[in-house]
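Trainee: Pasting in a structure now, in structure tokens, and then I'll have a few things to ask.
The values are calculated or read from the model by the stated rules, or taken from the named source; none is laboratory data. Bear in mind the structure is a predicted one, so any value in this text is a computation, not a measurement. Note: ideal-geometry Cβ built from the backbone for every residue, glycine included; neighbour counts use all protein chains shown. The protein model used for the area step is the full one, side chains on, heavy atoms only, and it has no ligands, DNA or RNA in it. Shrake-Rupley method; radii C 1.70, N 1.55, O 1.52, S 1.80 Å.
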Amino acid sequence: MKKYVSCFLFFFSVTAVCLVTLFVMTVKKEPEEAKEVQVLESVEKPVFAESGGQESEPEVHVVLNQESVAPSVTDGIYCLVAEEGYLIVYDKDEETVRLFTHMPLAEFPVREQEKLMEGIWFSTMAEIFSYLESYSS
């Protein structure tokens, strides 16, 4: 019985020491001061919401030609191009190879294959991985 009592006391003392040590380590010496944040509210309506004093149905804006909205070639840093049936990522200079993807061009739809043959520009590698993931099976 003494053996169990001594084990219990040892366990209790080690646990107490650990808890006290963690408490001392997490207590901050000086509390941080609350910073004052200024909140601004806008009461102005957006320009497109103004209807000239008359209430009418909300206008719906539809983009008919989405290809004209696509970013230009100069916006990208990395170019994803299909060469010899596989996708390769090049730098902006189109000479330095950044990544061999080993993804066959045949896995993409015909319209995307045409775009990949010309090259698609991306600003980050994360965008490239997201694009490739959306077309992988």
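Trainee: Could you give the alpha-carbon Rg of region 91-137 over 2.2 N^0.38 Å, rounded to two decimals?
Mentor: 1.15
Trainee: Now for a separate question. Heavy atoms of the protein only, probe of 1.4 Å, neighbouring chains included. What is the accessible area of Y78 in Å², nearest 10?
Mentor: In the full protein context, Y78 sits at about 40 Å².
Trainee: For V89, what is the net charge nearby, where nearby means another residue's Cβ is under 13 Å from its Cβ and Lys, Arg count +1, Asp, Glu -1?
Mentor: So the surrounding residues net to -4.
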